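Asker: Have a look at this one.
The values are calculated or read from the model by the stated rules, or taken from the named source; none is laboratory data. In this text, all values refer to a predicted model and were calculated from it rather than measured experimentally. Here the Cβ positions follow ideal geometry from the backbone for every residue, glycine too, while neighbour counts run over all protein chains shown.
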Amino acid sequence: MTGIRTAFRTMAALAATLLAVTVAAPVAGASPEPKAPGEFVSLRSVDPTIIQEMRYTTAHNFLGAPVDGYRQPVCILTRPAARALHEAQTRLLRQGYSLKVYDCYRPQRAVDHFVRWAKDLDDQTMKGEFYPRVDKTRLFEDGYIAEKSGHSRGSTVDLTLVKLPAAPTRPYVPGEALTPCYAPQSERFPDSSVDMGTSYDCFDTLSHTEDPRIQGIQRANRQLLKQTLAGRGFVNLAEEWWHFTFKPEPFPSTFFDFPVAKRSVAGH
């Protein structure tokens with residue numbers, strides 16, 4: 001009997017040890033979620049008047065689904081970029097306009113999500129709106145998708161102009177009929193912005209800021225946005241009328257991966 005009791009005690013001790021290892025292992029191996037350096041801030045803390053329509057937290061984007069790393073619809077930027085936007089907003093408000101941001105800091109995990117999506121040639125869910133004239137096999141070659149993005153450095157922002165008083169944007173309904181991003185403004189998804197000739201994230205050469213086919217009020221709107229931001233240190237990407245980078249960048253060669261969430265900049 002003594003031998004049996006000893007065997008049972010040994011087995012019980014072994015089971016307890018294995019259970020402890022099983023429970024403790026994930027905790028020991030877990031790493032805390034990265035936070036933003038102190039130089040990053042929520043744009044709302046610098047200028048609460050700038051309208052925010054953070055597309056990548058929703059299904060209304062070229063993927064047709066929320067993007068990895070976008071936990072909350074909050075615009076995060078380096079402090080100098082946020083302050084420069086505030087200065088541009090102050091000037092625009094006097095002219096009866098407001099800025100509206102679509103995307104700000106973008107974590108590397110989101111860029112990785114874009115790359116995986118671009119390689120999945122079977123996923124054409126949002127082609128009818130965002131890239132109707134571009135074959136998905138050319139997204140990398142034509143420069144619409146890349147493995148690194150200036151957004152991940154924290155000083156790049158995608159934005160537009162809204163005429164005041166601003167009308168609210170209606171919710172996007174997944175599965176609703178899609179209209180090409182270069183269609184007349186009255187036919188495109190209504191997002192309250194002024195007419196820029198195309199909608200945001202339109203994979204088309206008509207999105208080039210100086211495309212000669214864009215004339216009249218559309219061209220004037222693009223120039224108002226570009227000139228106002230240029231006066232505050234922002235440089236436009238020639239291929240995208242909505243894309244601007246503040247110079248000099250505080251982090252010109254660092255690509256961050258903390259999530260887009262309020263806690264990432266809490267206390268900054």
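Asker: From the list PRO165, PRO180, PRO184, PRO132, pick out the single residue that is over 16 Å from the mean Cα position of the chain (by Cα), closer than 20 Å to ASP204 by Cα and without any contact (Cβ under 8 Å) to a residue 24 or more places away in the chain.
Answerer: Testing whether each residue is over 16 Å from the mean Cα position of the chain (by Cα), closer than 20 Å to ASP204 by Cα and without any contact (Cβ under 8 Å) to a residue 24 or more places away in the chain leaves just PRO184.
Asker: Still on this structure: Does at least one position in the range 199-206 carry a residue that is in a helix (DSSP H, G or I) and within 16 Å of THR160 (Cβ to Cβ)?
Answerer: Yes; the residues of the range 199-206 include at least one that is in a helix (DSSP H, G or I) and within 16 Å of THR160 (Cβ to Cβ).
Asker: Would you confirm whether any residue within the range 209-219 is within 26 Å of ALA110 (Cβ to Cβ) and out of contact with any strand residue (DSSP E or B) (no Cβ under 9 Å at 6 or more places or on another chain)?
Answerer: No, that holds for no residue.
Asker: Is there a residue being within 27 Å of ARG91 (Cα to Cα) and crowded, with 20+ Cβ neighbours inside 10 Å anywhere in the range 175-190?
Answerer: No, every residue in the range 175-190 fails to be within 27 Å of ARG91 (Cα to Cα) and crowded, with 20+ Cβ neighbours inside 10 Å.
Asker: Something else about it: Quick one: would you say PRO174 is assigned to a loop (DSSP other than H, G, I, E, B), assigned by TED's automatic domain parsing to the domain that holds PRO259 and closer than 20 Å to LEU99 by Cα?
Answerer: No: the conditions fail for PRO174.
Asker: Still on this structure: Tell me which residues, restricted to the range 123-171, are at pLDDT below 95 and hydroxyl-bearing (Ser, Thr, Tyr).
Answerer: The one that is at pLDDT below 95 and hydroxyl-bearing (Ser, Thr, Tyr): THR169.
Asker: Here's a follow-up. Which ones in the range 241-267 are within 25 Å of HIS208 (Cα to Cα), in contact with a Gly (Cβ under 6 Å, 6 or more places away or on another chain) and crowded, with 16+ Cβ neighbours inside 10 Å?
Answerer: Residues of the range 241-267 that are within 25 Å of HIS208 (Cα to Cα), as a first pass: 241-249, 252.
Keeping just the survivors that are in contact with a Gly (Cβ under 6 Å, 6 or more places away or on another chain) gives 245-247.
Residues satisfying the conditions are THR245, PHE246.
Asker: If you don't mind, another one. Quick check on GLN95: is it among the polar types (S, T, N, Q), in the same structural domain as ALA238 (by TED's automatic domain parsing), more than 30 Å from PHE258 (Cβ to Cβ) and at pLDDT 95 or above?
Answerer: Details: among the polar types (S, T, N, Q): yes; in the same structural domain as ALA238 (by TED's automatic domain parsing): yes; more than 30 Å from PHE258 (Cβ to Cβ): yes; at pLDDT 95 or above: yes.
When the stated conditions are applied, GLN95 passes them.
Conditions tested, residue by residue: (1) touching a Ser or Thr at 6+ places or on another chain (Cβ under 6 Å); (2) among the small types (Gly, Ala, Ser).
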position: ILE145; (1), (2): no, no
position: VAL157; (1), (2): no, no
position: VAL162; (1), (2): yes, no
position: PRO165; (1), (2): no, no
position: ALA177; (1), (2): no, yes
position: GLU210; (1), (2): no, no
position: GLN215; (1), (2): no, no
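Asker: Ok, one more. Using beta carbons and a limit of 7 Å, which pairs, at least six apart or on different chains, have the first residue in the range 93-107 and touching a residue at least 60 places away in the same chain (Cβ under 8 Å) and the second one hydrophobic (A, V, I, L, M, F, W, C) and assigned to a helix (DSSP H, G or I)?
Answerer: What qualifies is SER98/LEU92; LEU99/LEU85; LEU99/ALA88; LEU99/LEU92; CYS104/LEU43.
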